[in-house]
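As structure tokens, the structure follows; a few thoughts come after it.
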């Protein structure tokens, strides 16, 4: 799990049912827009590592609804992996039903090796309004995409763990294949699942894997997970489960933000994530990252 790989950060500590859980802080960037190139994201990730952030995550788009430049997230992650040494890196989130799971499994392994075991795979069923789905004939039914997501996760897990792996599902079929090399992290690269906490299936799906990056209400009417939501997940899965909260832009009231982080930390969250919108001027992006995370005082 995450805590076994990264150490030495000045992270907040909170007692949860006899445990002391590290609360880490991540910056979520977009390989989109004027500063979204792999080269520029690598520079920003290096800055984040030097300024006290514990993770750098990227979004996953092919086409952007507002017509912005969109760079491949896996190429961006490779550049970030080479440019950094300690921060955890990954996707938040990859819309897995529009990806070939065996191809994504191989890409994630390559980044895991490049980063010496720092990769986290965040997945979801996909934004139903994104041109990545609506403009290229991808599956529109959310229930079907949910079933595809479950099958794809089973395929990825099998490829990472097993040799001579076969799978016969409704959407994916594999016959006696072996993905090599295996991930550095064992038994697998951590998998976090996104979606709406208020819906039963995303919540149950997250609990079957290694972590949650759930939200309450998706953009543009964003609502964070509440402390009671975090506590419910923590009680069901115990210590060895990551709960990432946030994923929105930082609000102006820093004191209120710190109070929120303290409350979800006390409830058992292991990560607080801040998103930087891709239309933010580059100098402002550097200023936000360089100021470091809003750790509770």
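Only the coordinates and a few stated rules stand behind these numbers; no lab work does. None of the values given here were measured: they were computed from a predicted structure. Every residue, glycine as well, gets a Cβ built from its backbone with ideal geometry; the counts of neighbours run over all protein chains shown.
Tabulated data for the structure shown
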{"read-out": "Value at 222 nm in deg cm²/dmol, rounded to 500, when DSSP H runs of n ≥ 4 in the chain each add -39,500 (n - 2.57)", "value": "-11000 deg cm²/dmol"}
{"read-out": "Cα-based shape type of region 151-202, given that a ≥ b ≥ c are square roots of the gyration tensor eigenvalues and the cut on a/c is 1.5", "value": "oblate"}
{"read-out": "Likely footprinting exposure, 288, 233, 92, fewest C-beta neighbours within 10 Å first", "value": "288, 233, 92"}
{"read-out": "Pairwise Cα inverse-distance average, inverted: Kirkwood Rh of region 146-297 (Å)", "value": "17.6"}
{"read-out": "Percent of Cα pairs exceeding the 22 Å cut-off, where the set is region 162-242", "value": "43"}
{"read-out": "Bins of 10 Å, starting at 0 and running to the largest distance - Cα pair percent for the chain", "value": "6, 29, 38, 23, 4, 0"}
{"read-out": "Gaussian network model of the chain, Cα within-10 Å springs - most flexible of 221, 164, 210", "value": "221"}
{"read-out": "For region 87-142 versus region 194-220, the gap between their alpha-carbon centres in whole angstrom", "value": "16"}
{"read-out": "Using alpha carbons only: equivalent-ellipsoid semi-axes of region 76-160, gyration tensor based, whole Å", "value": "26, 14, 10"}
